[in-house]
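Bear in mind that the values in this text are calculations on the coordinates, not laboratory data. Keep in mind that what you see is a predicted model, and the values were worked out from it rather than measured. Every residue, glycine among them, receives a Cβ derived from its backbone with ideal geometry; neighbour counts consider all protein chains shown.
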Amino acid sequence: MDIGRVGLWTFLLDEHPTSRVRELAQEIEEMGWPTLWRPESTGRDALVSSSVLLDATSRLVVASGIAQIYARHPVTTAAAQKTLFEAHEGRFLLGLGVSHAPSVEGIRKLEYRTPYSDMVAYLEAMAEAPYTAVEPATKPPTVLAALGPRMLKLSAEAADGAHPYFTPPEHTAMARDILGTGPLLAPEQMVVIDADLDRARSVARANMARYLRLPNYTNNLLRCGFTQSDIDDMTDRLVDGIVACGDIDVTVERVQQHLDAGADHVCIQVLVADNDLDITIEHWHHLADAFNL
């Protein structure tokens with residue numbers, strides 16, 4: 001599977017009707033983007049919506065970033081993964097993750113006590129799952145939403161790589177050391193394309209706030225060298241470390257930093273005020289040109 005050096009990551013698709021989503025997927029493919037990543041939270045089902053995106057396109061790789069393991073049985077996930085991969089000639093990349101306690105316990109009303117052990121058991125169950133339909137020609141790949149050393153190690157040993165989220169290039173270097181050579185490393189990178197740095201940071205802070213309430217992310221930020229004061233005050237140091245704010249050259253430079261640190265692919269998430277889709281699409285076009293897609 002060739003997912004390219006850069007791809008798009010967006011949650012904006014769930015804010016629009018499926019008919020518009022199909023059009024957007026086609027436009028993204030026409031821009032030259034090789035891969036589109038979509039999350040899973042309280043919107044559309046990640047795997048069902050991936051099928052819609054794949055049906056609407058002919059070259060675009062669609063990746064779940066991430067499908068929550070507590071949302072479906074591992075046998076069901078294994079079957080869905082093989083179904084999508086076989087039906088669309090290897091254009092589906094399954095990203096799996098344990099999500100966060102507020103989502104699992106608060107929304108799904110399930111226990112969130114042993115996420116690492118749950119992921120180990122889930123991957124084992126997927127590997128052992130029976131499947132009596134037509135098998136895909138090759139084994140479908142799986143990447144894990146991994147931040148800490150144990151989950152990163154598991155990403156290399158029991159999956160095909162890692163998809164870190166909300167991380168700086170320093171984390172990418174650490175992740176590559178743990179993964180070793182071979183496993184896919186595809187970090188997400190938030191960007192705000194605006195030459196007015198104060199305005200760009202304001203947009204970044206508005207989007208970062210939700211993640212700074214989640215211990216999985218804040219614990220990882222501390223591991224990466226940020227301080228509790230950086231997190232509590234949402235300092236410029238933290239904002240600039242997580243979000244590439246500035247003109248388009250800043251985004252290109254940040255992506256290169258991830259690649260130099262060992263990333264194989266960087267998932268770019270464009271942030272704009274009020275989630276304005278027209279402005280977002282404009283930025284997607286300009287980024288496609290900047291990366292010579």
Requested in this report: Report, by chain and number, residues whose modeled amide H sits under 5 Å from the one on Val61, excluding near sequence neighbours (fewer than 5 apart, same chain).
Outcome: Thr35, Leu36
Query raised in the report: Once both labels are modelled 7 Å past Cα along the beta-carbon direction, what's the Ala195-Asp249 spacing in nm?
Result: 1.1
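Using 0.36 nm per residue, how much length does the chain from Arg150 to Asn219 gain when fully extended, once their Cα-Cα distance is taken away? Mind dumping the intermediate values first?
On the way: separation 69, 0.36 × 69 = 24.84 nm, distance 1.37 nm.
Here the segment from Arg150 to Asn219 would lengthen by 23.5 nm.
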Query raised in the report: On full extension of the chain, what length is gained from Ala173 through Lys109, given 0.36 nm per residue of separation minus the C-alpha to C-alpha distance?
Result: 19.5 nm
Query raised in the report: Considering only DSSP states other than H, G, I, E and B, which trypsin sites (Lys or Arg not before Pro) in segment 104-193 qualify as loop sites with at most 16 other Cβ atoms within 10 Å?
Result: Arg108, Lys109, Arg113
Requested in this report: State, as an integer percentage, the relative contact order of the chain based on alpha-carbon contacts under 8 Å between residues 6 or more apart.
Outcome: 18
Query - Theoretical ellipticity at 222 nm over the chain - DSSP helices of four or more residues, -39500 (n - 2.57) apiece, nearest 500 - result: -14000 deg cm²/dmol
Query raised in the report: Once amide H atoms are built 1.01 Å from N in the peptide plane, which residues 5 or more positions from Cys245, or in another chain, come under 5 Å H to H?
Result: Val192
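Grab the other residues whose beta carbon is less than 13 angstrom from that of Thr167, score K and R as +1, D and E as -1, and report the net.
Around Thr167, the surrounding residues sum to +1.
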Report task. Please give the contour-minus-distance gain from Ser19 to Thr181: 0.36 nm per residue of separation, less the Cα-Cα distance, rounded to one decimal in nm. Result -> 54.2 nm
**Report entry** Under 5 Å, built H, 5+ apart or other chain: amide partners of Gln189
**Finding:** Cys267, Ile268, Gln269
Report task. Note down the nm distance, to one decimal, between modelled labels 7 Å out along Cα→Cβ at Thr42 and at Asp274. Result -> 2.3
